[in-house]
Amino acid sequence: MAGSPFPGMDPYLEGEMWQEFHDRLANQISAQLMPLLQPKYVALLSKYFVTQEPLLGIGAKSDDQGFYPDVHVSQVKEVVATYSAGTPVEAIEMITPMPAKAPILSVEIRDVAKRRLVTAIEILSSANKRGRGFKEYIKKRIALFKTRTHLLEIDLLRAGKRIPLLGDLPPASYYLYLSRFTRRPRTQVWPVQLRDCLPTIPVPLLPPDPDVALDLQAAVNACFALVGYERLLDYTAPPPPPDLSPEDAAWVKTQLVRVQPAPLPAT
């Protein structure tokens, strides 16, 4: 098998391979848009940092359940000799989880003439969908809304907080949001079900220049073609949390039939 067994987003990417895929997707989006933007615009990669709080209370039910950290932290145990009433006692020294800065890669479309930021493309990650990182991201988002910059947000994680909007979002696994500075406070929303192919969405530029098209499914497929995630993901285990609905879980099993090794012939 080559490529993902799923027609759209692969839910198995939402686990330990997420950070690698996140950065790879930003690269593929930039590469896809670059020839469409020339000669007036350019799609640059930009890195910033958000605070990622430690994942505590794993057994608790919360919006953060199921996230893998964007920064890997190793636990270290060290035996320390202490004394109690003259008798040596071994104490275990462990690491206290501390907030850390997690890197986030985004795509910035800038005009070549003045280098001004025209459109920000954000791929949401576990670090900015929970805790303090979510608050920091919302603050950055509000600041961006005070400028003449379009904002395209790509949320391919089922877990975590959603972008705050007035009204209830239609139920979906994934969401794409487009806020044009010419249409604020209105925001276009594309709900995407687990079983759907990811759509082609418009990327706005400066008026009167027309939008360019971003084929998000092609970008994800290009990541699979380049890396071969199907060789790295454990399709024999359940998908990373949160739990799927019974209907989606049954559908996932049918999709995975073709990636299971064929039984050996009887001898």
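The values are calculated or read from the model by the stated rules, or taken from the named source; none is laboratory data. Treat the numbers as computed from the prediction; the structure is a model and nothing was measured. Glycine gets a Cβ as well: all are built from the backbone with ideal geometry, and neighbour counts include every protein chain shown.
Residues checked against (1) aromatic (Phe, Trp, Tyr); (2) under 22 Å from residue 29 (Cβ atoms):
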residue: 104; (1), (2): no, yes
residue: 110; (1), (2): no, yes
residue: 115; (1), (2): no, yes
residue: 133; (1), (2): no, yes
residue: 138; (1), (2): no, no
residue: 169; (1), (2): no, no
residue: 174; (1), (2): yes, yes
residue: 199; (1), (2): no, yes
residue: 205; (1), (2): no, yes
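Condition check: more than 29 Å from residue 101 (Cβ to Cβ), touching a residue at least 40 places away in the same chain (Cβ under 8 Å), in a strand (DSSP E or B) and not polar (S, T, N, Q). Does residue 201 satisfy that? Explain how you work it out, then say what you get.
On the way: more than 29 Å from residue 101 (Cβ to Cβ): yes; touching a residue at least 40 places away in the same chain (Cβ under 8 Å): yes; in a strand (DSSP E or B): yes; not polar (S, T, N, Q): yes.
In short, yes.
For residue 230, are the conditions met, namely being assigned to a helix (DSSP H, G or I), surrounded by 11 or more Cβ atoms within 10 Å (Cβ to Cβ) and acidic (Asp, Glu)?
Taking the combined requirement at face value, the residue satisfies it.
In region 127-136, how many are out of contact with any Lys or Arg (no Cβ under 8 Å at 6 or more places or on another chain) and either free of Cβ contacts under 8 Å to residues at least 40 places away in the same chain or of a type outside the set (A, V, I, L, M) (or both)?
Our first condition is that a residue be out of contact with any Lys or Arg (no Cβ under 8 Å at 6 or more places or on another chain); within region 127-136, this holds for 127-128, 131-133, 135-136.
Of the ones still in play, those that are also either free of Cβ contacts under 8 Å to residues at least 40 places away in the same chain or of a type outside the set (A, V, I, L, M) (or both) are 128, 131-133, 135-136.
Count: 6.
Rundown of residues vs (1) small (Gly, Ala, Ser); (2) more than 18 Å from residue 212 (Cα to Cα); (3) part of a helix (DSSP H, G or I); (4) over 16 Å from the mean Cα position of the chain (by Cα), yes/no style:
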{"residue": "104", "(1), (2), (3), (4)": "no, yes, no, no"}
{"residue": "109", "(1), (2), (3), (4)": "no, no, no, yes"}
{"residue": "114", "(1), (2), (3), (4)": "no, yes, no, yes"}
{"residue": "135", "(1), (2), (3), (4)": "no, yes, yes, yes"}
{"residue": "141", "(1), (2), (3), (4)": "no, yes, yes, yes"}
{"residue": "153", "(1), (2), (3), (4)": "no, no, no, no"}
{"residue": "159", "(1), (2), (3), (4)": "yes, yes, no, no"}
{"residue": "164", "(1), (2), (3), (4)": "no, yes, no, yes"}
{"residue": "168", "(1), (2), (3), (4)": "no, yes, no, yes"}
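May I ask you to verify whether residue 178 is assigned to a helix (DSSP H, G or I), closer than 14 Å to residue 121 by Cα and either among the aromatic types (Phe, Trp, Tyr) or free of Cβ contacts under 8 Å to residues at least 40 places away in the same chain (or both)?
Working: assigned to a helix (DSSP H, G or I): no; closer than 14 Å to residue 121 by Cα: yes; either among the aromatic types (Phe, Trp, Tyr) or free of Cβ contacts under 8 Å to residues at least 40 places away in the same chain (or both): yes.
So residue 178 fails the test.
In region 181-198, what count of residues is obtained for those that are of a type outside the set (D, E, K, R) and part of a loop (DSSP other than H, G, I, E, B)? Talk me through it step by step, then tell me what you get.
Here is the first cut: in region 181-198, the ones of a type outside the set (D, E, K, R) are 181-182, 185, 187-194, 197-198.
Cutting the leftovers down to part of a loop (DSSP other than H, G, I, E, B) gives us 181-182, 185, 187, 193-194, 197-198.
Of the residues in region 181-198, 8 are of a type outside the set (D, E, K, R) and part of a loop (DSSP other than H, G, I, E, B).
Please pick out the residue among 182, 254, 187, 236 that is closer than 21 Å to residue 155 by Cα and of a type in the set (S, T, N, Q).
On the way: 182 fails: closer than 21 Å to residue 155 by Cα; 254 fails: closer than 21 Å to residue 155 by Cα; 236 fails: closer than 21 Å to residue 155 by Cα.
None of the others qualify; the one that does is 187.
Is there a residue being modelled with pLDDT under 95, farther than 30 Å from residue 207 by Cβ and of a type in the set (S, T, N, Q) anywhere in region 162-175?
No, the conditions are met nowhere in region 162-175.
With the requirement that a residue be part of a helix (DSSP H, G or I) and within 19 Å of residue 151 (Cα to Cα), what does region 205-227 give you?
In the first step, residues of region 205-227 are kept if they are part of a helix (DSSP H, G or I); the result is 216-227.
If the condition is that a residue be part of a helix (DSSP H, G or I) and within 19 Å of residue 151 (Cα to Cα), then 216, 219 are the ones that fit.
Determine which member of the set 196, 234, 209, 215 is in contact (Cβ under 8 Å) with a residue 12 or more places away in the chain, touching a strand residue (DSSP E or B) at 6+ places or on another chain (Cβ under 6 Å), of a type in the set (D, E, K, R) and at negative phi. I'd like the intermediate steps shown before the answer.
Details: 196 fails: touching a strand residue (DSSP E or B) at 6+ places or on another chain (Cβ under 6 Å); 234 fails: touching a strand residue (DSSP E or B) at 6+ places or on another chain (Cβ under 6 Å); 209 fails: touching a strand residue (DSSP E or B) at 6+ places or on another chain (Cβ under 6 Å).
Unique residue meeting the criteria: 215.
Sort out which residues of region 107-147 are buried (at least 20 other Cβ atoms within 10 Å of the Cβ) and either among the hydroxyl-bearing types (Ser, Thr, Tyr) or closer than 21 Å to residue 37 by Cα (or both), and write them in order of number. Give the steps one after another, and end with the answer.
Taking region 107-147 as the starting set, the residues that turn out to be buried (at least 20 other Cβ atoms within 10 Å of the Cβ) are 107, 109, 118-131, 133-134, 137.
Selection gives 107, 109, 118, 119, 120, 121, 122, 123, 125, 126, 137.
With 95, 29, 58 as the choices, which residue is at pLDDT 70 or above and exposed (fewer than 15 other Cβ atoms within 10 Å of the Cβ)?
Working: 29 fails: exposed (fewer than 15 other Cβ atoms within 10 Å of the Cβ); 58 fails: at pLDDT 70 or above.
95 is the lone residue from the list that is at pLDDT 70 or above and exposed (fewer than 15 other Cβ atoms within 10 Å of the Cβ).
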